[in-house]
Amino acid sequence: MKNKENQALWTAFRLLGPLLFYELCTEAVGVACSLFGTQNALTVTGGGAFLALPFLYAAYRKRQAAEEAQKRRAPVQNMDPTQRAGRVPCTGQQQRRRRLLAGCVCSALAGIGACLCLNVLLQFLLPPSDGWDSTRETVYGASLAVQVLVTVVLAPLTEEVLFRGLIRTELRTHMKPRAAALLGALLFGLYHGNISQGIYAFLLALCLEPVCEWSGCLLPAVFLHVGANGAAICFTALESGMPAASGGQSALAVAAGMLLTAAALYKTKEVFCKS
């Protein structure tokens, strides 16, 4: 009984510990910023991500190494000479790099489409909320350089290592992949705070999950996240100088976003899953 309790505590720690650590880093940066007379929320978020990223990535790499140790390859005598030397043929490496690059580009396009579709759809379906308006003012009221650094670089890297790297891996050791994907997406949505952002993040996570599954690594998911956040900056800048879209224009934007997302995800799967 005690062993089961200890195992449950250890599982909870491995699942929620990285998230709590990220929050503590953000709080620490917030305290440090207040001492210097600034409390810009986007700066605090970026500082927390910058502080937490190396530690989270080290934990992710350690977890990966432990998993790889459990899945030892075939005995040395069954390997070809190149594998025996610990190397892969140059042509194989080049092919994998080209495939990874193509998959990352397709994933970024999927993120752009998802951003367009989900933002327009949620603005149409959900009434404006104070939390969403406050978030928009915080993020898009900062300088363009800060927006890009935090929302396009630091946040996608840190959140993908945290949610698709550490949390997803832990969930999949205790439940079936689909259940783990849904629970991970729910945690990702809850992490974003308000209803509009939470639904957006939940649906975006459902796009991120298959990309991780197909590719077997985090980089394409990072690119999808980068594409979505970068597109959000661009679309917000364009909206500020344009009249409100009509119902027909909104429907067209949603359809275009859905089509781009579906086509890009299909191509991503094709790139990574072809023999």
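A few comments on the model shown:
- Of all the numbered requirements in (1) buried (at least 17 other Cβ atoms within 10 Å of the Cβ); (2) closer than 24 Å to T158 by Cβ; (3) modelled with pLDDT of 90 or more, L260 misses one, and that requirement is (2).
Yes/no matrix, rows are residues, columns are (1) over 20 Å from P18 (Cβ atoms); (2) modelled with pLDDT of 75 or more; (3) among the basic types (K, R); (4) surrounded by fewer than 19 Cβ atoms within 10 Å (Cβ to Cβ):
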site: R98; (1), (2), (3), (4): yes, yes, yes, yes
site: C106; (1), (2), (3), (4): yes, yes, no, no
site: L118; (1), (2), (3), (4): yes, yes, no, no
site: G131; (1), (2), (3), (4): yes, no, no, yes
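- When the range 168-191 is filtered for residues that are in contact (Cβ under 8 Å) with a residue 60 or more places away in the chain and either touching a Lys or Arg at 6+ places or on another chain (Cβ under 9 Å) or of a type in the set (S, T, N, Q) (or both), the ones remaining, listed by number, are T169, E170.
- Within the range 206-221, restricting attention to residues that are surrounded by fewer than 24 Cβ atoms within 10 Å (Cβ to Cβ) and in contact with a Cys (Cβ under 9 Å, 6 or more places away or on another chain), the residue that is farthest from A181 (Cα to Cα) is L219.
The values are calculated or read from the model by the stated rules, or taken from the named source; none is laboratory data. For clarity, every value in this text was computed on a predicted model and none was experimentally measured. We place every Cβ from the backbone using ideal geometry, glycine too, and count neighbours over all the protein chains shown.
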